[in-house]
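Below is the structure I would like to discuss, written out as structure tokens.
The values are calculated or read from the model by the stated rules, or taken from the named source; none is laboratory data. Keep in mind that what you see is a predicted model, and the values were worked out from it rather than measured. Here the Cβ positions follow ideal geometry from the backbone for every residue, glycine too, while neighbour counts run over all protein chains shown.
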Amino acid sequence: MLNRRAVLKSGAAGAAVLAFAPTAFAEDSGGPALNALFDQFVKENLDQSPLFATSLGVDTGERARQKGEIDEASLAAIARGQKLVASQLALLSAFDRSSVGIDDQVSFDVVMFGLKNTDADNRRYPYAGGNAGNPYVISQLNGLYSQIPSFLDNQHTIETKADADAYLSRLEQFAIRLDEEAEVARHDVALGVVPPDFALSKTLIQMNALRAESADSAPMTMSVVRRAKEKNISGDYAGPAAKILTNKIYPALDRQIALVTDMQKMATHEAGVWKLPDGEAYYHDSVLTWTTSTLSPADIHQTGLDIIKDHTAQIDAIMRKHDMTKGTVGERLRAMYDDPKFLYANTDAAKEQLIADLNVKVAAIRTRLPDYFGVLPKADVKIQRVPKYLEAAQAGGYYNSPSLDGTRPGIYWINLRDTAEQPLWLLPTLTYHEAIPGHHLQLSIQREAKMPLIRKVSYFSSYIEGWALYAEQLADEMGMYADDPFGRIGFLHDAMFRAVRLVVDSGMHAMKWTREDCVKFMVDTLGDQESASITEIERYAVNPGQACGYMLGKLAFLAARKKARDALGAKFDIKSFHDAMLVGGAVPLAMIDGMTERYILSRTVVQTRT
């Protein structure tokens with residue numbers, strides 16, 4: 001999965017987070033008038049998001065000042081952002097789409113989709129900044145307290161004294177933004193929008209863990225000290241950083257802890273967003289936000305049940321070949337979790353070995369990529385542990401994209417709070433999903449492609465997560481489990497896991513399933529540890545609809561491949577098909593069919609000419 005609230009809306013890349021310099025579209029030859037309009041949009045949005053500028057690696061030159069800034073988080077800033085979306089939507093709506101070629105029309109449609117959905121949410125929902133899909137400003141997964149420390153350590157680069165000074169400036173602003181964010185949370189609480197009690201309990205655990213660090217040795221202090229020393233940058237950074245933490249950040253964090261403690265007193269145990277103002281519509285729009293699909297909750301629920309039935313039968317067949325017959329499939333999977341032969345020791349040394357072994361898997365599949373892809377990424381990918389202070393509530397793995405120029409690699413984060421949650425038979429599939437041929441391959445190709453930047457940074461969760469889930473199946477088709485039947489069980493388990501998500505997400509938010517109902521269904525079906533299942537279910541509670549995008553996106557890619565193969569027959573080429581799906585960047589699921597039609601036509605024309 002990806003872990004970036006800055007692009008929490010699937011269509012937000014077409015609206016609120018597109019950011020780059022106006023000259024970025026020089027490599028695109030068509031539609032100068034449309035590109036000029038996009039230039040204006042990206043400039044406006046870059047002005048509002050210093051963090052995304054840093055994420056893209058463009059906080060230099062005229063925008064160097066932004067390296068010392070953090071996005072405003074106040075109610076006033078949210079209102080300005082909403083006004084900007086409405087303005088951009090009006091400008092794009094007035095543009096004559098028929099005046100540009102097909103590639104520019106695709107870009108037009110991608111941006112229009114995002115702007116329309118974002119503007120509609122802004123008008124309908126007065127809480128969470130109008131963001132469907134993320135109802136709670138502060139939770140165990142959302143909030144500056146969890147995002148900024150990791151961002152500063154991993155995305156704020158330090159090469160010069162100015163960079164180190166900018167780090168201190170961002171620490172100063174972090175304290176201000178925490179109070180602004182608290183203002184928004186109080187606004188939402190007054191509207192009756194409070195996270196479930198279990199989510200707030202985890203939030204407090206993480207906040208208190210961050211607060212408990214001595215300012216002198218806290219990760220936020222040591223990050224700038226360590227990196228300044230590595231670059232031979234003179235000056236005292238330990239003292240100023242610790243002083244900012246002591247005098248500004250920690251008091252602001254204390255105020256947030258007090259706020260969340262008060263919120264917990266009024267929280268209920270109900271997990272679903274049906275309880276929120278206009279909750280039924282909010283879930284519908286959350287599904288649209290995350291999946292770009294208009295499927296009803298009932299259809300989503302049944303799709304999940306059907307896939308679970310199919311994959312349970314496949315897993316059962318493999319198990320029976322290996323004399324694993326006792327109990328339900330879920331119980332047999334549970335036994336695999338508990339089997340010592342599949343477990344790393346729960347020690348730091350063993351966890352380092354686990355990461356080293358994952359790097360071997362990445363290297364092995366990398367050698368097979370040229371048989372399946374014509375375009376390959378230039379940016380590297382690194383595998384790192386989730387920081388210990390965030391382990392409690394984070395998913396098993398997630399990914400951060402490389403900078404646009406590739407100088408900062410992509411990062412596949414793996415949660416190693418307990419190695420029993422990461423058995424050997426599941427690790428290959430997680431790695432193919434997060435690294436290659438999953439997130440790292442897709443997002444790096446998107447950012448390195450020769451196309452307008454508005455497309456390079458477009459973010460549609462169902463496309464991106466759907467590709468990563470499709471990549472898990474592709475790894476199987478590439479022969480990565482040819483001699484690893486237990487690894488193939490892991491692949492089928494993880495695919496079924498995404499089908500379970502369809503069932504529990506719709507069950508929780510549309511059918512009033514309890515947290516405990518969802519946990520039991522997941523544990524019984526998958527055999528997963530209850531602790532891991534609880535983390536997952538609690539994640540879906542605060543990110544309604546997000547968990548549905550994986551399987552719905554995968555099904556869209558599989559349908560596109562079948563359609564192309566059926567149409568082209570022996571002329572079908574998997575390498576060119578994958579390139580056609582990837583080099584144009586992320587799009588709403590509804591646009592994948594059009595991409596497929598254009599691919600079929602292009603191959604037909606090529607074959608006719610040949």
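Counting just the residues of segment 461-491 that are acidic (Asp, Glu) and outside any helix (DSSP H, G or I), which one comes out nearest to THR429 (Cα to Cα)? First the steps, then the outcome.
Filtering segment 461-491 down to residues acidic (Asp, Glu) leaves 465, 472, 476-477, 483-484.
Going one step further and asking which of them are outside any helix (DSSP H, G or I), we end up with 483-484.
Values: ASP483: 15, ASP484: 12 Å.
My answer is ASP484.
Taking helices (runs of 4 or more DSSP H) that fall entirely within segment 225-296, which contain at least 2 residues that are over 18 Å from ILE138 (Cα atoms) and hydroxyl-bearing (Ser, Thr, Tyr)?
The helices (runs of 4 or more DSSP H) meeting that bar are 279-291.
All but one of (1) without any contact (Cβ under 8 Å) to a residue 12 or more places away in the chain; (2) at positive phi hold for LYS520, so report the exception by its number.
Checking LYS520 against (1) without any contact (Cβ under 8 Å) to a residue 12 or more places away in the chain; (2) at positive phi, the one that fails is (2).
Moving to a separate point now. Taking interchain pairs and intrachain pairs at least six residues apart, which have beta carbon atoms under 8 angstrom, with the first residue in segment 149-163 and free of Cβ contacts under 8 Å to residues at least 60 places away in the same chain and the second outside any loop (DSSP other than H, G, I, E, B)?
That search, which allows pairs on different chains as well, returns nothing.
If a residue has to be closer than 30 Å to LEU288 by Cβ and not in a helix (DSSP H, G or I) to count, how many in segment 559-608 make the cut?
Result for segment 559-608: 6.
Do you know which of the residues in segment 156-172 that are of a type in the set (Val, Ile, Thr) and crowded, with 16+ Cβ neighbours inside 10 Å is farthest from PRO50 (Cα to Cα)?
ILE158
Please go through segment 314-356 and give me each residue that is among the β-branched types (Val, Ile, Thr) and either over 20 Å from MET522 (Cβ atoms) or out of contact with any Gly (no Cβ under 9 Å at 6 or more places or on another chain) (or both), ordered by number. Walk me through it before giving the result.
First pass over segment 314-356, keeping only residues among the β-branched types (Val, Ile, Thr): 315, 318, 325, 328-329, 347, 355.
Of everything in segment 314-356, those that are among the β-branched types (Val, Ile, Thr) and either over 20 Å from MET522 (Cβ atoms) or out of contact with any Gly (no Cβ under 9 Å at 6 or more places or on another chain) (or both) turn out to be ILE315, ILE318, THR325, THR347, ILE355.
To continue, here is another question. For segment 388-405, name all the residues that are charged (D, E, K, R) and either assigned to a strand (DSSP E or B) or free of Cβ contacts under 8 Å to residues at least 60 places away in the same chain (or both).
Residues of segment 388-405 that are charged (D, E, K, R), as a first pass: 388, 391, 405.
Answer for segment 388-405, where residues must be charged (D, E, K, R) and either assigned to a strand (DSSP E or B) or free of Cβ contacts under 8 Å to residues at least 60 places away in the same chain (or both): LYS388, GLU391.
Residues checked against (1) touching a Ser or Thr at 6+ places or on another chain (Cβ under 9 Å); (2) free of Cβ contacts under 8 Å to residues at least 24 places away in the same chain:
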site	(1), (2)
GLN353	no, yes
ALA363	no, yes
ASP371	no, no
THR407	yes, no
ILE414	yes, no
ASP418	yes, no
TRP425	no, no
HIS433	no, no
PRO437	no, no
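Does segment 287-331 hold any residues that are closer than 25 Å to VAL273 by Cα, polar (S, T, N, Q) and in contact with a Leu (Cβ under 6 Å, 6 or more places away or on another chain), and which are they?
The answer is THR291, THR292, SER293, THR303.
Residues are listed down the side, and each one gets a yes or a no for (1) touching a Ser or Thr at 6+ places or on another chain (Cβ under 8 Å); (2) buried (at least 24 other Cβ atoms within 10 Å of the Cβ); (3) at pLDDT below 95:
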site	(1), (2), (3)
ALA449	no, no, yes
VAL457	no, yes, yes
TYR463	yes, yes, no
ALA468	no, yes, no
ALA471	no, yes, no
PRO485	no, no, no
GLY490	yes, yes, no
LYS512	no, no, no
ASP517	no, no, no
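Related question: Suppose the filter is surrounded by fewer than 20 Cβ atoms within 10 Å (Cβ to Cβ) and not in a loop (DSSP other than H, G, I, E, B); does GLN384 pass it? Walk me through how you get there before you give the answer.
Numbers: surrounded by fewer than 20 Cβ atoms within 10 Å (Cβ to Cβ): yes; not in a loop (DSSP other than H, G, I, E, B): yes.
Criteria met by GLN384.
Can you name the helices (runs of 4 or more DSSP H) wholly within segment 72-191 that have at least 1 residues being farther than 30 Å from GLY61 by Cα, hydrophobic (A, V, I, L, M, F, W, C) and modelled with pLDDT under 95? Break it down into steps so the answer makes sense when it comes.
On the way: elements: 75-93, 102-124, 144-154, 161-190.
In segment 72-191, the matching helices (runs of 4 or more DSSP H) lie at 102-124.
With over 30 Å from HIS284 (Cα atoms), buried (at least 19 other Cβ atoms within 10 Å of the Cβ) and either touching a residue at least 60 places away in the same chain (Cβ under 8 Å) or not assigned by TED's automatic domain parsing to the domain that holds GLU538 (or both) as the only criterion, which of VAL106, VAL111, VAL100 stands out? Give the steps one after another, and end with the answer.
Working: VAL106 fails: over 30 Å from HIS284 (Cα atoms); VAL111 fails: over 30 Å from HIS284 (Cα atoms).
Every option except VAL100 fails the conditions.
Every residue in segment 297-325 that is in a helix (DSSP H, G or I) and acidic (Asp, Glu), please. Working first, answer last.
Start the filter on segment 297-325 by keeping residues that are in a helix (DSSP H, G or I), which leaves 297-321.
Within segment 297-325, ASP299, ASP306, ASP310, ASP316 qualify.
I've got another one for you. Tell me the residue from LYS67, LYS43 that is at pLDDT 95 or above and in a helix (DSSP H, G or I), please. Show your work before the answer.
Details: LYS43 fails: at pLDDT 95 or above.
Selected residue: LYS67, the only one of LYS67, LYS43 that is at pLDDT 95 or above and in a helix (DSSP H, G or I).
Across segment 322-365, what is the total count of residues that are aromatic (Phe, Trp, Tyr) and either modelled with pLDDT of 95 or more or exposed (fewer than 14 other Cβ atoms within 10 Å of the Cβ) (or both)?
The first filter runs over segment 322-365 and keeps only residues aromatic (Phe, Trp, Tyr), leaving 337, 342, 344.
Checking the rest, the ones that are also either modelled with pLDDT of 95 or more or exposed (fewer than 14 other Cβ atoms within 10 Å of the Cβ) (or both) come to 342, 344.
Total meeting the criteria: 2.
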